[in-house]
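Presented below is the structure to which this report refers.
Derivation of every value follows stated rules applied to the coordinates shown; laboratory data play no part. As the structure is a computational prediction, the values presented were derived from the model and not from experiment. Glycine gets a Cβ as well: all are built from the backbone with ideal geometry, and neighbour counts include every protein chain shown.
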Amino acid sequence: LAHINPDPDTIGCALAIYNLLRDNYRCEVVCLDRDLPRKVNFLRGYDRIKHTLSEKSDVIIACDSGSLERLGLERKPCFLINIDHHQTNTLYGDINVVDPNAPSTGCVVYRFLDDNGFKLNRHSAEALYAAIVEDSKYFTTDRVSQETFQITAALCEEGVDPSAVADKLRRREPLSKLRLKAHAYSSLDLQLDAQIGFVTIVEEDLKKSGAAFNDYKDIIEDILSLYPVEVAVLLIEKDVMNLKVSLRSKRIDVASIALRKGGGGHIRAAGYEVGGEDILSLINDHKSMLKEEIAEKLL
Ligand SMILES: [Mn+2]
């Protein structure tokens with residue numbers, strides 16, 4: 001089971017496990033969100049992802065989700081194995097395999113399978129490789145270690161072709177996504193001597209560019225790439241009267257900020273969602289609130 005608002009890490013992990021079990025067990029791969037990340041559609045089993053949980057499930061293996069809610073579940077429907085790497089994981093499983101030091105849940109899944117004597121096939125290895133390179137931003141995040149390379153080397157031994165996978169992940173983008181980036185960049189609002197960079201995407205930007213909601217994802221990294229920016233904040237209108245806020249930081253803890261607002265995540269990458277009456281005032285309120293909270297931490 002992958003989490004809602006799915007990314008390549010959660011889908012890659014779910015498909016890796018599915019591809020390993022499908023021949024010998026009755027199993028299915030599920031994501032309760034229909035908006036899947038297209039860039040991983042080359043992974044085996046992607047076209048088999050279901051959007052409802054079978055009521056007859058005996059075991060759920062949850063991948064890359066910090067909470068039951070993020071899976072799209074209100075309560076635990078059956079025995080559940082929680083495999084994750086979020087700092088804010090609520091340990092909601094009957095078995096919890098959680099390592100907040102892992103750069104990707106793909107690494108946690110790899111170790112879990114390896115420790116339990118499973119031999120990976122090429123399709124599982126490719127799915128884990130995609131999960132790891134995407135979540136570690138191609139080996140550039142702070143939790144990347146020697147072990148990350150050992151794991152990816154082991155995946156290559158199973159037949160993964162790194163440049164072929166990278167081409168599929170990074171060079172099949174739709175024009176609409178580039179147009180959405182242009183809209184987003186033009187909204188850039190630098191605050192506190194350009195230590196904070198805010199970008200805003202409203203429904204109209206999505207419509208004008210023809211982009212899908214999911215296409216916003218790389219934009220925030222580009223803002224964080226600016227030299228003086230310490231914290232990048234992306235505010236995006238999600239559904240009607242709903243605002244999704246993503247936070248990325250070079251050094252300060254943004255997970256605590258997101259957690260206080262009902263969200264969660266990692267120290268340097270976190271987010272939350274809020275509802276409200278008027279999207280523009282919601283955006284302005286959260287910008288000034290976040291500016292204050294971030295300013296305190298930047299001291
Ligand atoms: Mn992840």
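Structural remarks
- Comparing Cα centroids, segment 18-91 and segment 177-227 end up 29 angstrom apart.
- Segment 237-293 - convex hull of alpha carbons, volume per residue in Å³: 71
- Gaussian network model of the chain, Cα within-10 Å springs - most flexible of Asp278, Asp189, Asp33: Asp278
- Packing here is the average count of other Cβ atoms within 10 Å per residue, and on that basis the peptides 159-167, 17-25, highest first, run 17-25, 159-167.
- Projecting the alpha carbon convex hull of segment 193-299 along each direction and taking the average yields 6.4 nm².
- Mean separation of Cα contacts under 8 Å, 6 or more apart, over the residue count of segment 1-141: relative contact order %: 28
- Ellipsoid equivalent to segment 9-68 - semi-axes via the Cα gyration tensor, in Å: 17, 15, 11
- Value of relative contact order over the chain, rounded to a whole percent, pairs C-alpha under 8 Å and six or more apart: 13
- Length-normalised contact order for segment 57-129 - Cα pairs under 8 Å, 6+ apart - percent: 24
- Free of any GluC sites (Glu not before Pro) that DSSP assigns to a loop and that have at most 14 other C-beta atoms within 10 Å, the longest stretch within the chain is 75-276.
- Overall form of the chain per C-alpha gyration tensor (a/c, 1.5; a/b vs b/c): prolate
- The chain - share of DSSP beta bridges that are antiparallel (%, nearest 5): 55
- Cysteines (scope the chain) whose Cβ has no counterpart Cys Cβ under 4.7 Å: Cys27, Cys31, Cys78, Cys107, Cys156
- Estimated 222 nm signal from helices in the chain, with DSSP H stretches of n ≥ 4 weighted -39500 (n - 2.57), rounded to 500: -11500 deg cm²/dmol
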